[in-house]
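Trainee: Shown below is the structure under consideration.
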Amino acid sequence: MTATAESGTLRVPRSINGIERALAHEERARFHGELGPLEDPVEREAVIGAWWLRAVSAAYGSDRAGFRAAVAPVLAAGRAERAAA
């Protein structure tokens with residue numbers, strides 16, 4: 001698992017390319033296998049979100065506080081968007 005270091009914080013961009021770069025080769029194939037056949041934007045977003053959380057969790061390893069700090073704003077923004085819709 002790889003991640004980009006920025007200001008001492010490990011990050012995995014919440015994008016297809018960011019997730020792909022953070023995954024090991026065999027995981028990339030599974031990620032693209034799940035993502036590839038989906039045409040519905042809601043289903044695609046759900047797969048991207050699940051794999052992003054998996055990649056970030058692995059990137060942070062045992063630093064659970066860092067993991068929570070990294071994902072909390074993203075998850076909160078997603079909840080706010082859904083509530084506004």
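Trainee: Going through segment 58-82 one residue at a time, which ones are under 17 Å from residue 46 (Cβ atoms) and either aromatic (Phe, Trp, Tyr) or free of Cβ contacts under 8 Å to residues at least 40 places away in the same chain (or both)? Don't jump to the end; show me each part of the working.
Mentor: Of segment 58-82, the ones under 17 Å from residue 46 (Cβ atoms) are 71, 74-75, 77-79, 81-82.
71, 75, 77, 78, 79, 81, 82, listed by residue number.
Trainee: Among the residues of segment 3-18 satisfying the criterion of being open to solvent by less than 60 Å² (accessible area, probe 1.4 Å) and of a type in the set (S, T, N, Q), which is modelled with the lowest pLDDT?
Mentor: 9
The values are calculated or read from the model by the stated rules, or taken from the named source; none is laboratory data. Everything numeric here is computed off the predicted structure, so don't read it as measured data. Counting neighbours? That spans all protein chains shown, and the Cβs are built from the backbone with ideal geometry, glycine included. Ligands, DNA and RNA are excluded from the accessible area calculation, which covers all protein heavy atoms including side chains. Shrake-Rupley method; radii C 1.70, N 1.55, O 1.52, S 1.80 Å.
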